[in-house]
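As structure tokens, the structure follows; a few thoughts come after it.
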Amino acid sequence: MDGIGDVFLADCPARLAVEVIADKWAVVVLWGLSEGPRRHGELVALIGGISKKVLTQTLRRLQTNGLVTRTEYGGVPPRVDYDLTPLGKTLMEPIRLLTTWAADNGEAVLAAQESA
């Protein structure tokens, strides 16, 4: 198989990359970091509906996949900031496009769900 269809193969790097951002909270967390570094508590407040535990798990997964950095600062209490890596920043335009699509089509999706 050649071309775009190859991204559906189990061992394709593109499929693995899509699986990272297909996580329920990944895109929301990435968007939350789009305007610069934020602390864990700031992200919890900004996102709403995400538990501290799930946010921590999501941030770790994004960090492991090279999309987010974690910077620790000294002090009491210790301060930790999360930020997008250059690779993470490359996702902002596709996320903007997806957000626009969702805003334009959200009501149609809800209507389809209600009629199903």
Magnitude of the charge dipole, the stretch 3-115, Cβ model with Lys/Arg +1 and Asp/Glu -1, debye to 20: 540 debye
Of 76, 44, 54, the one that fluctuates the most in a GNM where the chain has Cα springs shorter than 10 Å: 76
Label-point separation, residue 97 to residue 21 (7 Å along Cα→Cβ), nm: 0.9 nm
Given charges at Cβ of Lys, Arg, Asp, Glu: the chain dipole, positive-most of 109, 48, 12: 48
Cα gyration tensor shape of the stretch 61-116, rounded if a/c is under 1.5, else prolate or oblate by comparing a/b with b/c: prolate
Listed residues 94, 77, 13, most fluctuating in the chain (Gaussian network, C-alpha, under 10 Å): 77
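Can you check what the net charge comes to around residue 66, using other residues whose Cβ is under 13 Å from the Cβ of residue 66 (Lys, Arg +1; Asp, Glu -1)? Each step should come with its number before you reach the end.
Working: positive: 60, 61, 70, 89; negative: 83.
Net charge around residue 66: +3.
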Calculated Cα extents along the principal axes in Å (choose from [x] 52, 38, 23; [y] 39, 35, 22; [z] 38, 33, 28), label: [x]
Net charge, residue 96 excluded, C-beta distance under 13 Å - Lys, Arg +1, Asp, Glu -1: -2
Per DSSP, loop GluC sites (Glu not before Pro) in the stretch 35-96 with at most 12 further Cβ within 10 Å: 35
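None of the figures in this text is laboratory data; all of them are computed from the coordinates on show. Quick caveat: nothing in here was measured; it's all calculated off a predicted structure. Note that each Cβ is placed from the backbone with ideal geometry, even for glycine, and that neighbours are counted across all protein chains shown.
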